[in-house]
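A short worksheet on the structure shown next.
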Amino acid sequence: MIIKDSSYAISAVREDQYPTDNLPEVALSGRSNVGKSSLINTLLNRKNLARTSAQPGKTQTLNFYLVNHAFYLVDVPGYGYAKVSQKKREQFGIMIQDYLETRANLQGLIILVDGRHEPTKNDVAMYNYALYLNIPILVVCTKIDKVKKSQQNQVLAILKQKLDLNHDNVDVVTFSSVQKLHVQEVWQWIEQNL
Ligand code: GDP
């Protein structure tokens, strides 16, 4: 994918705020601090695009980034942020559900899990929910530069044990924003699904 242009387009908390230009969308989801902003910036070759409009754990909006005037990457707010109240968490669960369940433009979901740890309960719940939605899923195992080469297969084995990855519409890739590892693989998956 050649990125000719990328920009923050809009933030939304409900349907009437979503973009109206009817372009395809790929959403990204994962717990706070998993490396989602870094992945978006790495994919788009930008230093701070994702962070400027979405402070981790604070801004609880869907953030739409327009790429090449052709499609959107949609940053879904991080789940499982400890400092957010139960009520806020519920509200934003509904916001995420509304988007993922009703958005016809949505072509696929990238679920980020932290390569340094076993998937959390929330990761498993999010993944199972995405399976239920029956959309193409890419599981991205982040921060893999922090895992010794000799341990990386083990990380994938645990992931496969915790998440039922054996589905036609599910792919998995390890990723590092620091090493810029597997950036093209993520783009290929996005392109295939647009
Ligand atoms: P977000 O809350 O999911 O958007 O996470 P961020 O992208 O803000 O990253 C959270 C922290 O993890 C930051 O300190 C990043 O520098 C760090 N981080 C993100 N991606 C990587 C990565 O690939 N490797 C390493 N070692 N650290 C990363």
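Bear in mind these aren't lab numbers, they're just calculated from the coordinates by the rules spelled out. As the structure is a computational prediction, the values presented were derived from the model and not from experiment. Glycine gets a Cβ as well: all are built from the backbone with ideal geometry, and neighbour counts include every protein chain shown.
In order along segment 60-75, the phi-based Karplus estimate (6.51 cos²θ - 1.76 cosθ + 1.60, θ = phi - 60°) of 3J(HN,Hα) comes to 10, 10, 7, 10, 9, 10, 8, 10, 6, 6, 10, 7, 10, 9, 10, 7 Hz; Gly and Pro are listed as x. Full extension of the chain between VAL124 and ASN22 yields a length gain of 33.6 nm, computed as 0.36 nm times the residue separation minus the alpha carbon distance. Both radii were evaluated on the Cα set of segment 1-46; the Rg over Rh quotient, with Rh as the Kirkwood radius, amounts to 0.98.
Among the lysines of segment 6-193, pairs at least eight places apart or on separate chains and with Cα atoms under 14 Å apart come to 9. Scalar couplings 3J(HN,Hα) for segment 129-134, obtained by applying the Karplus form with A = 6.51, B = -1.76, C = 1.60 to θ = phi - 60°, are 5, 5, 4, 4, 5, 6 Hz; x denotes Gly and Pro.
Taking max minus min of the alpha-carbon positions on each principal axis, segment 6-193 gives extents of 48, 36, 32 Å, largest first. Exposure proxy for MET126, MET95, MET1: other Cβ atoms within 10 Å of each Cβ, ordered fewest to most, give MET1, MET95, MET126. With loop defined by DSSP as not H, G, I, E or B, and exposure as at most 13 other Cβ atoms within 10 Å, which is the longest segment of the chain clear of exposed trypsin sites (Lys or Arg not before Pro)? The answer is 84-147.
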